[in-house]
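Only one structure is covered here, and it is reproduced in the block below.
All of the numbers you see were taken from the coordinates with simple rules; none came from a lab. These numbers come from a predicted model, not from an experiment. Every residue, glycine as well, gets a Cβ built from its backbone with ideal geometry; the counts of neighbours run over all protein chains shown.
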Amino acid sequence: MELPARVKLVEVGPRDGLQNEPQIVPTRVKVGLIERLGDAGLSAIEVGAFVSPQWVPQMADSGEVLRAVLASPRRRPGVSFPVLTPNLRGFDAAVEAGAREVAIFAAASESFSQKNINCSVNESLKRFAAVVDSASALEIPVRGYVSCVIACPYEGRIAPQKVAAVAQRLFEMGCHEISLGDTIGVGTPVRVQQMIEACAAVVPLDRLAGHYHDTFGMAIANVYASLEVGMAVFDSSIGGLGGCPYALGASGNVATEDVLFLLQGLGIDSGMDMTALLIASDYIAQHLGRQPAAKAARALLAKPGSDE
Ligand code: HMG
Ligand code: MG
């Protein structure tokens with residue numbers, strides 16, 4: 001199959017990335033990061049999660065972050081700022097803060113669902129249906145996630161059909177896009193392609209997105225494998241930040257800088273600017289006091305004479 005001519009990246013660093021940082025990143029730094037990501041041409045930036053602050057303290061300021069980003073003089077037209085909403089309570093709080101796009105997050109694994117959101121997959125889908133109903137009444141688009149699309153940290157391998165069944169339910173519920181999460185980053189290209197093919201049999205391929213964590217260094221290979229089967233939306237995280245608090249040992253998402261370098265090399269348009277992206281990467285790296293995990297950012301930011 002021909003590679004897509006255009007790819008959309010959904011930046012998840014301010015949410016998936018920062019939710020897993022041991023230190024709490026100040027609200028103003030999150031806002032500064034999101035502004036810089038907007039400058040780089042990203043058209044969708046996931047900015048937070050309206051989840052329990054007991055469960056994920058790093059996301060407790062999501063309302064303030066969203067409000068500040070929406071009011072920012074640097075806000076660019078046409079950029080959406082989705083936030084995670086696990087239940088109606090989170091959805092109402094998100095709308096109150098000005099959210100115009102939300103995301104719900106299910107799993108293909110029962111054990112992960114229990115650990116992550118404290119309920120079964122079926123129960124979660126019931127809660128999500130209520131969120132989708134409220135959202136559709138307000139014409140708020142809802143994105144759906146499926147976690148553990150390759151394997152679960154508690155159950156091991158997950159069959160592609162199980163992933164497809166959850167993806168189908170989210171799509172039929174009204175999610176406009178289904179993001180397929182290799183939460184623990186154990187996917188390899190052929191397994192990822194098989195999983196996408198199973199999902200594409202029940203959800204149109206142009207409504208599927210790849211969300212690959214990089215625990216085993218396979219995430220960029222999995223993006224390429226997904227491009228080969230025609231997928232054209234990917235979630236990525238600036239600097240490769242991230243992980244999931246309920247999947248210990250899992251590392252961050254595929255780095256936005258690395259995906260952009262790949263896309264540029266393949267001549268695929270993403271509407272993004274590497275120089276501006278590196279400014280965002282450097283900004284958060286400086287704040288966190290460490291080099292980005294993104295190889296492209298390390299290479300491109302390396303100063304002559306440094307030992308990098
Ligand atoms: P629960 O304990 O079952 O819920 O948690 P509950 O209804 O019994 O409420 C417990 C407490 O939380 C109560 O407070 C509620 O008011 C409060 P208390 O009375 O004890 O003071 N609460 C809330 N507070 C703020 N916002 C809310 C909310 N709901 C209840 N929306 C719950 C259930 C879903 C809330 C909890 O399990 C939770 O917050 N989980 C979030 C886990 C999470 O954020 N995980 C990371 C994101 S998913 C991910 O990273 C994977 C992804 O990237 C894809 C991939 O990589 O695979 C998306
Ligand atoms: Mg994730």
Item to complete: Would you calculate a helix-derived [θ] at 222 nm for the chain, using -39,500 (n - 2.57) for each DSSP H run of n ≥ 4 and dividing by the full residue count, to the nearest 500?
Response: -12500 deg cm²/dmol
Discussion item. Show log10 I(q)/I(0) for segment 127-196 at q = 0.13, 0.18, 0.22 Å⁻¹, two decimals, from a solvent-free Debye sum over equal Cα scatterers.
Written reply: -0.41, -0.69, -0.89
Worksheet entry | Net lengthening on full extension, Leu88/Asn122 (0.36 nm per residue, minus Cα-Cα) | 10.6 nm
Response to the item:
Zone reached by a paramagnetic label modelled 7 Å from Ala165 Cα along Cα→Cβ, restricted to segment 100-140 with backbone N below 17 Å, covers 106-114, 120-126
Item to complete: Determine the dipole magnitude for segment 1-83: charges of +1 sit on the beta-carbon of Lys and Arg, -1 on that of Asp and Glu, nothing else is charged, the reference point is the Cα centre, and the result goes in debye to the nearest 20.
Response: 300
Worksheet item: Roughly how many nanometres apart are two label points built 7 Å out from the Cα toward the Cβ at Ala129 and Val79?
Response: 3.7
Response to the item:
When the charge dipole of segment 8-301 is computed with +1 on Lys and Arg Cβ and -1 on Asp and Glu Cβ about the Cα centre, the Cα farthest towards its positive end, among Ile184, Met195, Ile220, belongs to Ile184
Discussion item. Between Gln291 and Leu266, what is 0.36 nm times their sequence separation minus the Cα-Cα distance? Round to one decimal in nm.
Written reply: 6.4 nm
Worksheet entry | Hydrodynamic radius of segment 179-308 per Kirkwood, over alpha carbon pairs, in Å | 15.2
Response to the item:
Total charge of the residues flanking Ala159 in space, meaning their Cβ is under 15 Å from its Cβ, with Lys and Arg +1 and Asp and Glu -1, is -1
Worksheet item: Among all lysine pairs in segment 8-301 that are eight or more places apart or on different chains, how many have alpha carbons less than 29 angstrom apart?
Response: 8
Worksheet item: Taking amide H positions as placed 1.01 Å from N in the peptide plane, with prolines and chain starts having none, which residues 5 or more places from Ser80, or on another chain, fall under 5 Å of its amide H?
Response: Ala44, Ile45
